[in-house]
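All remarks here apply to the structure that follows.
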Number of protein chains: 2
Amino acid sequence: MSDLSTTSDEILASARTLIMSGGYNGFSYADIAEVVGIRKASIHHHFPSKVDLVRELVKQYREVGVAGVAILEQNVSNPLDILRAYAGHWAKCIEDSSRPFCVCALLASELPSLPPEVAKEVTAFFRFISSWLTSVMERGAEEKTLNLSSEPGVEAEAFLATVYGAMLSARAYGNGEVFATILAPTLNRLSPVATH
Amino acid sequence: MSDLSTTSDEILASARTLIMSGGYNGFSYADIAEVVGIRKASIHHHFPSKVDLVRELVKQYREVGVAGVAILEQNVSNPLDILRAYAGHWAKCIEDSSRPFCVCALLASELPSLPPEVAKEVTAFFRFISSWLTSVMERGAEEKTLNLSSEPGVEAEAFLATVYGAMLSARAYGNGEVFATILAPTLNRLSPVATH
DNA sequence: GACGCTCTGCCTACTAGAAGGTAGAAGGAG
DNA sequence: CTCCTTCTACCTTCTAGTAGGCAGAGCGTC
């Protein structure tokens, strides 16, 4: 609890990395055991079943996201800068290969075949990101600091789709720079002093 | 070969459906055997290994895509209408649940953990769609029938990202209409007589 | 301070079932 | 007769998950 890195944290971290590369069915307890350096059975001590493990992982992933967004909102007030920071976060993750894909994006694509408990958490993540982006768009519309051509909710969904689609393209081409290339015109279009 | 539906076609079709829902590691030969109504071993007669099966599946998927694009280009000349038709194709697939996700989108997200032979075909699919969309954007720029704010290649990547991102969102929310909602403003923005 | 108790974390050893894959026989059509 | 397809029966390896044991930490009681 007070440790910097407990065994269960290490299990969650390695599971996250493994899911990021191959999804829910793309890893096994044996894979985690090898990375963490314990036996398979010991993982069951911390997470009785695979569903427990991934449900907890996605839940924590969302909580970290909520906290990150709160900090971002505290430090940056301009809606456009917030969107830039959000896109920049992913651009950095992809380009330095540290977290080259969103766990929930991968799980969402497998959604129909996911255990319902996990699917529920993944859906909750998307609803959170979506409602947050909508609130950013709404403020930008009020303050006229964002140049919207549709309803804030629609703009939020479109922006999210672009971010996640760009993530996929970067992976498909094996080229991280693609992400920033796609996001640049999208952010530029949202700028009230667009330069096109 | 001359049959409307050979066994190997049925195997490929059921594999496609299964991959669409859970990806490469989300289905087994046993699953296909059950759907097609033959034994596991009979699948190995047509496709010696799982890699052979999925490689062939993606290859055919791309060939069908190439043919579909050719027919589309023959029947529709206006670049904007071509993009509308492409988006409409996916909107229809998603909304009637017939093919609610692109096989290659799902496989691309799992790319790092895919057998290299399959990964190669998936990458080739993305390169094909990308270069086709770029050619559509280029013609739209020349004819001034598309309103581009960036280079045709960048617009093509951004459009593709939006389509695939919207596909993911529709799945994440379990709501097919989200796709059309996201694509509408994107297509409107590309229109030379945009109404915003 | 030594004794016993319980809890935690990890272990070895195991299970049943599913995975991909193989060998070889049976059946049917040309 | 031969080719093609499908079958039964099997193999090996991997899967998630279980049973039970063992060492150490914490803690209260005598």
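The values are calculated or read from the model by the stated rules, or taken from the named source; none is laboratory data. Please read these numbers as outputs of a predicted model, since none were measured by experiment. In this analysis, Cβ positions are derived from the backbone assuming ideal geometry, glycine residues included, and neighbour counts consider all displayed protein chains. The protein model used for the area step is the full one, side chains on, heavy atoms only, and it has no ligands, DNA or RNA in it. Shrake-Rupley method; radii C 1.70, N 1.55, O 1.52, S 1.80 Å.
Among A:ASP81, A:ASP31, A:ASP96, which one shows the highest mean-square fluctuation when chain A is modelled as a Gaussian network with alpha-carbon springs under 10 Å?
A:ASP96
State, to one decimal in nm and shortest first, how far the label point of B:GLU151 sits from each corresponding label point in the other identical copies (label point: 7 angstrom along Cα-to-Cβ).
3.7
Roughly how crowded by other chains is peptide A:181-187, in terms of the mean Cβ count from those chains within 10 Å of each of its Cβ atoms?
The per-residue average across the peptide is 5.
Checking an interface number: how much accessible area is buried between A and B, summed over both chains, with a 1.4 Å probe, in Å² rounded to 100?
Buried area (both sides, nearest 100 Å²): 3100 Å².
Are there residues in the stretch B:14-51 whose accessible area shrinks by at least 40 Å² when all protein chains are included rather than the chain by itself, and which are they (probe 1.4 Å, ligands and nucleic acids not counted)?
B:SER21, B:ASN25
What number, rounded to the nearest 500 deg cm²/dmol, is the helix-based mean residue ellipticity at 222 nm of chain A, given -39500 (n - 2.57) per DSSP H run of at least four residues and division by all its residues?
-24500 deg cm²/dmol
Return one whole number: the accessible area per residue of the stretch B:20-158 in Å², for a 1.4 Å probe.
For the stretch B:20-158, the per-residue accessible area is 46 Å².
Using a ≥ b ≥ c from the Cα gyration tensor of the stretch B:87-195 (square roots of the eigenvalues), is it rounded, prolate or oblate, where a/c under 1.5 gives rounded and otherwise the larger of a/b and b/c decides, a/b for prolate?
Numbers: a/c = 2.57, a/b = 1.28, b/c = 2.01.
Here the stretch B:87-195 falls in the oblate category.
Taking Cα centroids, how far is the stretch A:154-195 from the stretch B:88-137 in Å?
Using only Cα atoms to place each centre, the spacing works out to 18 Å.
Among all lysine pairs in the stretch A:1-123 that are eight or more places apart or on different chains, how many have alpha carbons less than 20 angstrom apart?
Eligible lysine pairs with Cα atoms under 20 Å apart amount to 4.
Ignoring ligands, DNA and RNA, please state the percent of accessible area on the stretch B:50-190 from carbon and sulfur, probe 1.4 Å.
52
Counting partner chain Cβ atoms within 10 Å of every residue's Cβ in A:93-99, what's the average?
Working: counts 0, 0, 0, 0, 0, 0, 0.
The mean count of partner-chain Cβ atoms within 10 Å per residue comes to 0.
Rounded if a/c is under 1.5, else prolate if a/b is larger than b/c, else oblate: which is chain A, with a ≥ b ≥ c the root eigenvalues of its Cα gyration tensor?
In terms of gyration-tensor shape, prolate.
Applying 1/(1 + (r/R0)^6) with R0 = 41 Å to the Cβ-Cβ distance of A:ASN75 and B:GLU143, what FRET efficiency is obtained, to the nearest 0.05? Could you put the intermediate results ahead of the total?
Values: r = 46 Å, r/R0 = 1.12.
It comes out at approximately 0.35.
Can you bin the protein assembly as shown into rounded, prolate or oblate? Criterion: square roots of the alpha carbon gyration tensor eigenvalues sorted a ≥ b ≥ c, rounded for a/c under 1.5, prolate for a/b above b/c, oblate for the rest. Don't jump to the answer; show the numbers that get you there.
Values: a/c = 2.06, a/b = 1.09, b/c = 1.90.
Since a/c reaches 1.5 but b/c is at least a/b, the shape of the protein assembly as shown is classed as oblate.
For the stretch B:19-86 and the stretch A:1-70, what is the separation of their Cα centres, given in Å?
Distance between centres, Cα-based: 33 Å.
What are the label-to-label distances in nm, one decimal and shortest first, from A:ASP31 to the same spot in the other copies, with labels 7 Å along Cα to Cβ?
1.6
Output the peptides A:5-14, A:39-48 sorted from most to least packed, where packing is the average of other Cβ atoms within 10 Å over each peptide's residues.
A:5-14, A:39-48
Averaged across the residues of A:114-122, what count of C-beta atoms belonging to other chains lies within 10 Å of each residue's C-beta? Please list the in-between numbers first.
Numbers: counts 3, 0, 0, 0, 0, 2, 0, 0, 2.
For this peptide, the per-residue mean of nearby foreign Cβ atoms is 1.
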